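**Student:** Would you mind keeping the following structure in view while I ask a few things?
Throughout, read-outs are computed from the coordinates displayed, never taken from laboratory work. Fair warning: this is a prediction, and the values are worked out from it, not measured in the lab. Backbone-built Cβ (ideal geometry, glycine too); neighbour counts: all protein chains shown.
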Ligand SMILES: [Zn+2]
């Protein structure tokens with residue numbers, strides 16, 4: 001439900017499914033990740049995941065390390 005008194009931040013906070021363990025971006029749905037301002041992180045327990053940006057970085061780092069191992 002969306003009410004007029006609820007700010008977009010609060011509405012987003014209510015929809016957080018998971019938080020990126022690297023950059024703390026909040027997952028709002030299957031494809032949307034947003035970095036929420038400090039103090040707006042959900043107080044309830046949410047699962048941790050990896051956002052696409054950090055996933056990309058992690059994969060690139062892994063490939064870089066593998067290349068340096070085989071070089
Ligand atoms: Zn991230």
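**Student:** Could you order peptides 27-33, 16-22, 61-67 by the average number of other Cβ atoms within 10 Å of their residues, highest first? If you can, show how the numbers build up before the last one.
**Tutor:** Details: 27-33: 13.4, 16-22: 17.0, 61-67: 9.7.
Top to bottom by mean Cβ count within 10 Å: 16-22, 27-33, 61-67.
**Student:** Run lengths n ≥ 4 of DSSP H only: what is the helix-derived mean residue ellipticity at 222 nm for the chain, with -39500 (n - 2.57) per run over all residues, to the nearest 500?
**Tutor:** -11500 deg cm²/dmol
**Student:** Still on this structure, please answer the following. Say R0 is 25 Å: what FRET efficiency, to the nearest 0.05, do residue 60 and residue 32 get from their beta-carbon distance?
**Tutor:** That gives a FRET efficiency of 0.65.
**Student:** Mean 1/r over all different Cα pairs, inverted: what Kirkwood radius does the chain give, in Å?
**Tutor:** Answer for the chain: a Kirkwood hydrodynamic radius of 13.7 Å.
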